[in-house]
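One structure below.
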Amino acid sequence: MGPSDVLNPVRSDLVGTGQPGLALPPGLAVDVAIAAAEEAGAAIRTGLGGALAIRAKGSAGDLVTDLDLRAEDIILGHLRRAFPEHRILAEESGLLAGADDAWCWVVDPLDGTNNIAIGLPVCTVGIALCHYGTPVVGVVHEPLTGHTWSALRGRGAAGPDGRLWQPPSPRPDTAPVLAWLQGYPVGRADAVARAMRLSLEANSRRLIQLWSPLLCWIMLARGDIDGFVGYRAGVVDLPAGSLIARESGVEITDFGGAPLDDTIDPLGGEIDFIAGSPQMTAELSRWVKAAAEVAVTGLR
C-alpha cells in the first residue's frame, strides 16, 4: 500500500498531467510529491552530519545553505520528470515557467534553515500542487524522524499512523499553547507584530515560534498545539501545511474571523491567518483585534 492509499479516492480530474484537460490517475501527484520530499529529506539528514556552507539571502535576515539548494534540486528533478509542463514556485529558484498555467507546484525544500544554521535540527520539507492557485495536494516531510504527512483537497489527510483527523480542541482548565509566524519582511520594530505577540502571550500558556511554519501546521493538525497565528506570512510557507491542517479538521480564517481564501498568487503577496478549532479561532480573532489597543515603546 502506497502513502496515498490511506486517503479516500479522489476525482481523476482533481490533478492534471501538465496537459490541459488531461487527467492523471488518482494519487499520482501526491505520490510523486512524497517521493521527492522523502529523497530531499534523506539528503538533508545526511548533510546535517557534515559542515554547512551558509550565506545570507536578502536583507531581512534570511539564510540559505547548501542543503537548501541540494534538496531543491532533488525536488525539481522529480517534478520536472513527472510533470514537465507544470509551473513551479521554488523557495530558492523562484517562479519557473511551464506551458500549463493551470498548475503550479510550490516548493519549500528546507523550512527551518535558520534553525539548521545555529545547530538546531528542527526543519521540514514542503511541497504543494495548486490548481489556478488553489492547493489540491500537500506534502510535508520531517527529515530527522523520516515522517511524512500528505493531503488531497476534499479527500482527507494522512500521516505516519494513517488517517489524520483530530480537530484541535482547547485543553480543559488551562490556557492554550499557540504558535506564531511572522514573515521575513517584518522588522523587530514592527508595532503590529509586537502588540500581537504580547496579546497572544498574555492569553496563552506558551507562544512558540519554531522558524519552521510547516511543522507548526503539522503540530496543529495532530492536536499538539491549540492555535496558530500568522502575520504577513510568505506564500511558500502556506499551501502544503495549511491544506493538511484543513483536511484534518482545522478551521483557518483571516484576522477578522472570516474564512480564509487559500488561493495563492505565485508572484508574491503576504497572508495573515488564524488557525485552530472554531472555538479557538474565535478567541484568537478577539485577541488579535485587542492588540490594536496595545502600545509598545522602547525598542527600535
- prompt: Given (i) 54, 41, 33; (ii) 111, 53, 32; (iii) 65, 39, 37, which label gives Cα extents along the principal axes in Å as computed from the coordinates?
  reply: (i)
query: Roughly how tilted is helix 28-47, in degrees to the nearest 10 and between 0 and 90, from the longest Cα axis of the chain?
result: 70 degrees
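Which order do 101, 62 take by accessible area at a 1.4 Å probe, largest first? Could the numbers behind the result be given before it?
On the way: 101 100, 62 20 Å².
In descending accessible area the options line up as 101, 62.
Does the range 99-258 classify as rounded, prolate or oblate by the C-alpha gyration tensor (a ≥ b ≥ c root eigenvalues; a/c under 1.5 gives rounded; else a/b over b/c gives prolate, otherwise oblate)?
Numbers: a/c = 1.42, a/b = 1.26, b/c = 1.13.
Rounded is the answer for the range 99-258, as its axis ratio a/c remains below 1.5.
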- prompt: Where does each of 141, 147, 78 land when they are ordered by accessible area, with a 1.4 Å probe and the largest first?
  reply: 147, 78, 141
- request: Working from Cα positions, state the angle (0 to 90°, nearest 10) between the long axis of helix 213-222 and the longest principal axis of the chain.
  value: 90 degrees
query: When the chain is treated as a GNM, springs tying every alpha-carbon pair under 10 Å, which of 43, 158, 51 comes out with the largest mean-square fluctuation?
result: 51
task: Of the options 249, 50, 296, report the single residue whose Cα projects farthest towards the positive end of the charge dipole of the chain (beta-carbon charges: Lys, Arg +1; Asp, Glu -1).
output: 296
- line: Between residue 105 and residues 5 or more places away or on another chain, the pairs with built amide H atoms under 5 Å apart involve 87, 88, 89, 130
query: Tilt of helix 66-82 relative to the longest C-alpha principal axis of the chain, in degrees (0 to 90, nearest 10)?
result: 50 degrees
Ranking by accessible area, most exposed first, for 165, 211 with a 1.4 Å probe: 165, 211
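The values are calculated or read from the model by the stated rules, or taken from the named source; none is laboratory data. Because the structure is a prediction, the values reported are computed rather than measured. Cβ sites come from the backbone with ideal geometry, for glycine too, and all protein chains shown count toward neighbours. We work out accessible area using only protein heavy atoms, side chains counted, and drop any ligands, DNA or RNA first. Shrake-Rupley method; radii C 1.70, N 1.55, O 1.52, S 1.80 Å.
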